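Everything below concerns the one structure shown next.
The values are calculated or read from the model by the stated rules, or taken from the named source; none is laboratory data. Remember, predicted model here, so these are calculated numbers, not experimental data. A quick note on method: Cβ atoms are made from the backbone with ideal geometry, for glycine too, and the neighbour counts reach across all protein chains shown. Protein only, heavy atoms only, side chains kept; ligands, DNA and RNA dropped before computing areas. Shrake-Rupley method; radii C 1.70, N 1.55, O 1.52, S 1.80 Å.
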Amino acid sequence: MYALITGASSGIGREIAIQLAKRGYGLILVARNKGALEELAHSLDTKTVVIALDLSKEKNCIKLYHILRDKPIDILVNNAGFGCYGEFAGTKLSTELNMIGLNVCALHILTKLFLRKMLREGRGYILNVASLAAFAPGPYMATYYATKSYVLKLTESIAAELKHKSRSVSISAFCPGPVSTDFNNRAGVSFSMKPIDSSLAARTALKGMFERKRVIFPRPVDAATAMVAKTAPSGLVAAVCRHIQKKKLK
(Lines give C-alpha, C1' and ligand atoms only; values in the text may rest on other atoms or scores of the structure.)
Protein backbone atom coordinates (compact mmCIF):
# COMPACT_ATOMS: atom_id res chain seq x y z
CA MET A 1 0.00 0.00 0.00
CA TYR A 2 1.28 3.43 -0.97
CA ALA A 3 0.14 6.97 -0.23
CA LEU A 4 1.04 9.74 -2.68
CA ILE A 5 1.39 13.12 -0.96
CA THR A 6 2.01 16.37 -2.79
CA GLY A 7 3.46 19.35 -0.96
CA ALA A 8 5.03 16.85 1.44
CA SER A 9 8.15 18.85 2.33
CA SER A 10 6.53 20.88 5.12
CA GLY A 11 3.35 21.72 7.02
CA ILE A 12 0.25 19.57 6.75
CA GLY A 13 1.71 17.42 3.99
CA ARG A 14 4.74 16.54 6.09
CA GLU A 15 2.60 15.68 9.11
CA ILE A 16 0.28 13.52 7.02
CA ALA A 17 3.33 11.63 5.75
CA ILE A 18 4.54 11.02 9.30
CA GLN A 19 1.16 9.74 10.44
CA LEU A 20 0.59 7.50 7.43
CA ALA A 21 4.06 6.01 7.91
CA LYS A 22 3.02 5.03 11.45
CA ARG A 23 0.00 3.27 9.94
CA GLY A 24 2.31 1.17 7.77
CA TYR A 25 1.82 2.86 4.42
CA GLY A 26 4.65 3.20 1.95
CA LEU A 27 5.02 6.81 0.90
CA ILE A 28 5.59 8.70 -2.32
CA LEU A 29 6.59 12.24 -1.37
CA VAL A 30 6.38 15.01 -3.96
CA ALA A 31 7.47 18.66 -3.75
CA ARG A 32 10.02 20.99 -5.32
CA ASN A 33 12.42 20.86 -2.35
CA LYS A 34 14.28 17.58 -2.82
CA GLY A 35 16.51 18.14 0.21
CA ALA A 36 13.54 18.56 2.56
CA LEU A 37 11.85 15.48 1.10
CA GLU A 38 14.98 13.37 1.55
CA GLU A 39 15.40 14.58 5.12
CA LEU A 40 11.82 13.57 5.87
CA ALA A 41 12.23 10.22 4.12
CA HIS A 42 15.30 9.36 6.20
CA SER A 43 13.37 10.03 9.41
CA LEU A 44 10.53 7.64 8.57
CA ASP A 45 10.45 3.92 9.25
CA THR A 46 8.72 2.93 6.04
CA LYS A 47 9.47 2.47 2.35
CA THR A 48 9.63 5.93 0.83
CA VAL A 49 10.02 7.28 -2.69
CA VAL A 50 11.08 10.91 -3.18
CA ILE A 51 10.12 12.76 -6.37
CA ALA A 52 11.17 16.40 -6.79
CA LEU A 53 8.79 18.11 -9.25
CA ASP A 54 7.21 21.52 -9.76
CA LEU A 55 3.56 20.55 -10.06
CA SER A 56 2.49 24.02 -11.15
CA LYS A 57 3.54 22.85 -14.62
CA GLU A 58 0.96 20.61 -16.31
CA LYS A 59 3.57 18.43 -18.00
CA ASN A 60 5.03 17.49 -14.62
CA CYS A 61 1.64 16.36 -13.34
CA ILE A 62 1.26 14.09 -16.36
CA LYS A 63 4.84 12.89 -15.88
CA LEU A 64 4.15 12.04 -12.25
CA TYR A 65 1.13 9.94 -13.17
CA HIS A 66 3.07 7.98 -15.78
CA ILE A 67 5.89 7.34 -13.30
CA LEU A 68 3.40 5.92 -10.80
CA ARG A 69 0.69 4.37 -12.94
CA ASP A 70 1.76 0.81 -12.03
CA LYS A 71 2.25 1.49 -8.30
CA PRO A 72 -0.41 0.22 -5.86
CA ILE A 73 -1.52 3.66 -4.66
CA ASP A 74 -4.36 3.54 -2.13
CA ILE A 75 -4.26 7.18 -1.02
CA LEU A 76 -3.75 10.44 -2.91
CA VAL A 77 -3.30 13.59 -0.82
CA ASN A 78 -3.42 16.76 -2.91
CA ASN A 79 -1.83 19.15 -0.45
CA ALA A 80 0.50 21.30 -2.58
CA GLY A 81 -0.53 24.95 -2.72
CA PHE A 82 0.28 28.53 -1.73
CA GLY A 83 -1.29 31.97 -1.44
CA CYS A 84 -0.36 35.61 -1.94
CA TYR A 85 -1.64 38.85 -0.42
CA GLY A 86 -2.57 42.20 -1.95
CA GLU A 87 -5.18 44.07 -3.95
CA PHE A 88 -6.08 42.09 -7.06
CA ALA A 89 -5.13 44.99 -9.37
CA GLY A 90 -1.69 45.17 -7.81
CA THR A 91 -0.59 41.55 -7.35
CA LYS A 92 1.69 39.92 -9.92
CA LEU A 93 -0.10 38.07 -12.70
CA SER A 94 2.76 35.57 -13.00
CA THR A 95 2.47 34.69 -9.30
CA GLU A 96 -1.27 34.21 -9.56
CA LEU A 97 -1.04 32.05 -12.67
CA ASN A 98 1.54 29.91 -10.88
CA MET A 99 -0.85 29.66 -7.93
CA ILE A 100 -3.73 28.61 -10.16
CA GLY A 101 -1.46 26.08 -11.82
CA LEU A 102 -0.56 24.49 -8.48
CA ASN A 103 -3.72 24.98 -6.39
CA VAL A 104 -6.19 24.17 -9.15
CA CYS A 105 -4.73 22.60 -12.30
CA ALA A 106 -2.32 20.19 -10.60
CA LEU A 107 -5.01 19.03 -8.18
CA HIS A 108 -7.51 18.65 -11.02
CA ILE A 109 -5.14 16.60 -13.17
CA LEU A 110 -3.94 14.31 -10.39
CA THR A 111 -7.46 13.80 -9.04
CA LYS A 112 -8.79 12.80 -12.45
CA LEU A 113 -5.94 10.47 -13.41
CA PHE A 114 -5.60 8.72 -10.07
CA LEU A 115 -9.37 8.51 -9.58
CA ARG A 116 -9.62 6.58 -12.83
CA LYS A 117 -6.86 4.26 -11.62
CA MET A 118 -8.57 3.74 -8.26
CA LEU A 119 -11.91 2.98 -9.89
CA ARG A 120 -10.25 0.40 -12.12
CA GLU A 121 -8.56 -1.20 -9.12
CA GLY A 122 -11.66 -0.98 -6.92
CA ARG A 123 -10.21 0.88 -3.94
CA GLY A 124 -8.77 4.20 -2.83
CA TYR A 125 -9.03 7.46 -0.93
CA ILE A 126 -8.44 10.97 -2.26
CA LEU A 127 -7.92 13.84 0.19
CA ASN A 128 -7.97 17.33 -1.33
CA VAL A 129 -6.71 20.06 0.98
CA ALA A 130 -8.99 23.08 0.62
CA SER A 131 -9.52 25.74 3.32
CA LEU A 132 -12.15 27.71 5.18
CA ALA A 133 -11.35 30.26 2.48
CA ALA A 134 -13.44 28.10 0.15
CA PHE A 135 -16.64 29.31 1.80
CA ALA A 136 -16.23 33.07 1.44
CA PRO A 137 -15.11 35.92 -0.82
CA GLY A 138 -11.51 36.89 -0.09
CA PRO A 139 -10.64 40.54 -0.58
CA TYR A 140 -6.84 41.00 -0.62
CA MET A 141 -6.40 37.25 -1.24
CA ALA A 142 -8.91 36.98 -4.08
CA THR A 143 -7.10 34.42 -6.21
CA TYR A 144 -6.23 32.13 -3.30
CA TYR A 145 -9.82 32.12 -2.02
CA ALA A 146 -11.08 31.40 -5.53
CA THR A 147 -8.72 28.46 -5.95
CA LYS A 148 -9.87 26.89 -2.68
CA SER A 149 -13.51 27.36 -3.65
CA TYR A 150 -12.71 25.42 -6.83
CA VAL A 151 -11.12 22.61 -4.80
CA LEU A 152 -14.14 22.33 -2.53
CA LYS A 153 -16.77 22.38 -5.28
CA LEU A 154 -14.85 19.94 -7.45
CA THR A 155 -14.44 17.53 -4.55
CA GLU A 156 -18.09 17.75 -3.49
CA SER A 157 -19.24 17.17 -7.06
CA ILE A 158 -17.02 14.11 -7.52
CA ALA A 159 -18.14 12.74 -4.15
CA ALA A 160 -21.77 12.97 -5.26
CA GLU A 161 -20.91 11.00 -8.41
CA LEU A 162 -19.02 8.35 -6.44
CA LYS A 163 -21.94 7.87 -4.04
CA HIS A 164 -23.83 6.22 -6.90
CA LYS A 165 -20.82 4.60 -8.56
CA SER A 166 -18.42 3.11 -6.01
CA ARG A 167 -18.49 2.39 -2.29
CA SER A 168 -14.81 1.45 -2.29
CA VAL A 169 -13.40 4.75 -3.62
CA SER A 170 -13.97 8.02 -1.75
CA ILE A 171 -12.95 11.64 -2.01
CA SER A 172 -12.85 14.26 0.77
CA ALA A 173 -12.10 17.98 1.09
CA PHE A 174 -10.20 19.13 4.17
CA CYS A 175 -11.17 22.69 5.13
CA PRO A 176 -9.07 24.02 8.01
CA GLY A 177 -8.83 27.56 9.26
CA PRO A 178 -5.34 28.90 10.03
CA VAL A 179 -2.73 26.16 10.51
CA SER A 180 0.76 26.67 11.90
CA THR A 181 2.84 26.15 8.72
CA ASP A 182 5.07 28.18 6.38
CA PHE A 183 1.98 29.25 4.40
CA ASN A 184 1.65 32.70 5.97
CA ASN A 185 5.32 33.49 5.39
CA ARG A 186 5.05 32.69 1.69
CA ALA A 187 1.78 34.61 1.38
CA GLY A 188 3.26 37.58 3.22
CA VAL A 189 0.61 37.79 5.94
CA SER A 190 0.11 37.04 9.61
CA PHE A 191 -2.91 35.16 10.96
CA SER A 192 -5.71 37.14 12.61
CA MET A 193 -6.76 34.15 14.74
CA LYS A 194 -4.77 31.51 16.58
CA PRO A 195 -3.64 28.76 14.18
CA ILE A 196 -3.90 25.08 15.07
CA ASP A 197 -0.91 22.77 15.16
CA SER A 198 -0.17 21.07 11.84
CA SER A 199 -0.01 17.62 13.48
CA LEU A 200 -3.55 18.07 14.83
CA ALA A 201 -4.71 19.23 11.41
CA ALA A 202 -3.18 16.13 9.83
CA ARG A 203 -4.76 13.77 12.36
CA THR A 204 -8.25 15.18 11.89
CA ALA A 205 -7.83 15.20 8.10
CA LEU A 206 -6.87 11.53 8.00
CA LYS A 207 -9.58 10.52 10.46
CA GLY A 208 -12.21 12.19 8.31
CA MET A 209 -10.75 10.72 5.14
CA PHE A 210 -10.85 7.16 6.48
CA GLU A 211 -14.42 7.79 7.65
CA ARG A 212 -15.21 8.82 4.06
CA LYS A 213 -16.50 12.25 5.06
CA ARG A 214 -17.17 14.59 2.15
CA VAL A 215 -16.01 17.76 3.95
CA ILE A 216 -13.70 17.68 6.98
CA PHE A 217 -13.16 20.43 9.55
CA PRO A 218 -10.45 20.14 12.24
CA ARG A 219 -12.42 22.06 14.90
CA PRO A 220 -16.07 22.82 15.68
CA VAL A 221 -15.31 26.53 15.31
CA ASP A 222 -14.19 25.92 11.72
CA ALA A 223 -17.44 24.11 10.90
CA ALA A 224 -19.44 26.89 12.52
CA THR A 225 -17.54 29.56 10.61
CA ALA A 226 -18.20 27.76 7.34
CA MET A 227 -21.91 27.52 8.13
CA VAL A 228 -22.13 31.25 8.89
CA ALA A 229 -20.24 32.09 5.68
CA LYS A 230 -22.64 29.94 3.65
CA THR A 231 -25.83 31.34 5.15
CA ALA A 232 -25.04 35.04 5.70
CA PRO A 233 -25.51 37.57 2.85
CA SER A 234 -22.45 37.41 0.58
CA GLY A 235 -21.95 41.18 0.72
CA LEU A 236 -21.75 41.07 4.50
CA VAL A 237 -19.34 38.12 4.44
CA ALA A 238 -17.15 39.96 1.92
CA ALA A 239 -17.11 43.09 4.10
CA VAL A 240 -16.12 41.10 7.19
CA CYS A 241 -13.40 39.23 5.28
CA ARG A 242 -12.08 42.50 3.88
CA HIS A 243 -11.81 43.94 7.38
CA ILE A 244 -9.99 40.83 8.66
CA GLN A 245 -7.68 40.51 5.67
CA LYS A 246 -6.66 44.17 5.67
CA LYS A 247 -5.19 43.72 9.16
CA LYS A 248 -3.05 40.74 8.08
CA LEU A 249 -0.37 42.60 6.19
CA LYS A 250 2.92 42.34 8.08
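Summary table
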quantity	calculated
Residue-wise HN-Hα coupling along the stretch 79-95, computed from phi with Karplus coefficients 6.51, -1.76, 1.60 (Hz; x: Gly, Pro)	10, 4, x, 7, x, 9, 10, x, 4, 4, 5, x, 6, 6, 4, 4, 5
K57 versus L97: modelled label distance in nm, points set 7 Å from Cα along the beta carbon direction	1.5 nm
Heavy-atom accessible surface of the chain: percent carbon and sulfur, 1.4 Å	54 percent
Bridge type composition, the chain - antiparallel percent by DSSP, nearest 5	5 percent
Dimensionless Rg/Rh of the stretch 21-76 - Kirkwood Rh, Rg from C-alpha atoms	0.97
Hull-based mean projected area of the stretch 4-102, where the convex hull spans the alpha carbons, in square nanometres	6.7 nm²
Spherically averaged projected area of the stretch 61-132 from its Cα convex hull (nm²)	5.6 nm²
Check: the chain dipole with +1 on Lys, Arg Cβ and -1 on Asp, Glu Cβ, in debye	400 debye
Positive dipole terminus of the chain, leading residue within Y125, L93, L206 (C-beta point charges)	Y125
Average Cα contact separation per residue, the stretch 1-100, under 8 Å, 6 or more apart, as relative contact order %	32 percent
All-pairs Cα distance distribution in the stretch 62-211, expressed in whole percent, bin size 5 Å	2, 9, 18, 21, 19, 15, 10, 5, 2, 0
Per residue, the convex hull volume that the Cα atoms of the stretch 98-143 enclose (Å³)	71 Å³
Label corresponding to Rg/Rh (Cα atoms, Kirkwood Rh) when calculated from the structure given, among [x] 1.04; [y] 1.18; [z] 0.95	[z]
